[in-house]
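Novice: The following block contains the structure, expressed as structure tokens.
All of the numbers you see were taken from the coordinates with simple rules; none came from a lab. Keep in mind that this is a model prediction, so the values were computed, not measured. All Cβ positions, glycine included, derive from the backbone under ideal geometry; neighbour counts span all protein chains shown.
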Amino acid sequence: MGGLRPWARYGLLVVAHLLALGLGAAMLQVLEGPPALRLQAKLRAERATFQAEYGACLPPGALEELLSTALAAQAHGVSSLGNGSETRNWDLPSALLFTASILTTTGYGHMAPLSAGGKAFCVVYAALGLPASLALVASLRHCLLPLLSRPGAWVAVRWQLAPARAALLRAAALGLLVAGTFVLLPALVLWGLQGDCSLLEAIYFCFGSLSTIGLGDLLPGRGHGLHPLLYHLCQLALLGYLLLGLLAMLLAVETFAELPQVRAMVKFFGSSGPLTAEDQGGILDQDELALSTLPPPAAPSEQAPAC
């Protein structure tokens, strides 16, 4: 494949991407189609039962109009269900969580601005806030990545590992640390606190948040009749989790992206020229930076020449 022209390589990459999209769509059709049909049939049966019992008391079309109004309000995060703990959608904790979902591009969709001024402000706020957030994340990454490289560099020196193997070991260790600290551990906490949430759903929520997918179909404490104080504490905890977890996820992705194997693959699709030492180095530069912070080994004592 090394003799392929650049346009052929790009075409191969596009075809592979389209095949991955088609495979994902086919799998979702198989997995989600039957449950959606069952839920739709259940909803129709419930509506038919309600109309049979109370249809004589309602004018024609009243139920459909009420449901349409309720669904339109629910799409903007407004609901009259529950005990009133979530009736104030735009209090300070809710607004902070909404702005964090914008700046982290998570976009849960649990709330949305209703007014024209709010929508215009979201556009301006995101246009100014996203570059500032990226600059902040880049600065933190620049400070934290060398610190995280020191343990791996120490292990590489202690075990006398090859640079490529040391880089792979450090990337795997950082990935496991991020997965355990920011995915598995929060999922276990969420699973224990949320009664009707399975462990798989908790992991699904944590990974969806940190990967900025943010489908919004599951939010901690939502719709469970929590005390307003506890509900707001859940929102603030989710805010901190988003900010710290997203930074950890980006550090892990950056570490894997700088692996020599990954850089070689990117170089294959990006240029037809031979791989340079810089392209093959990748994360090894971080090793050199980390090694430069370690104390130099003690020089061997010179023996006096025999007389």
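Novice: How would you rank 32-41, 153-162, 256-265, highest first, on the average number of other Cβ atoms within 10 Å across their residues?
Specialist: Top of the packing list down: 256-265, 153-162, 32-41.
Novice: In what sequence, highest mean first, do 136-142, 61-67, 245-251 appear when ranked by Cβ atoms within 10 angstrom?
Specialist: Those peptides, ordered most packed to least, come out 245-251, 136-142, 61-67.
Novice: Local charge sum around Ala173 (other residues, Cβ-Cβ under 13 Å, Lys/Arg +1, Asp/Glu -1)?
Specialist: Around Ala173, the charge tally is +3.
Novice: Let me ask something else. What size of dipole, in debye to the nearest 20, comes out for the stretch 111-268 about its Cα centre when the only charges are +1 on Lys and Arg C-beta atoms and -1 on Asp and Glu C-beta atoms?
Specialist: Value, rounded to 20: 600 debye.
Novice: Quickly rank 123-135, 232-244 as a protection proxy: mean count of other C-beta atoms within 10 Å, highest first.
Specialist: Highest mean packing first, the order is 232-244, 123-135.
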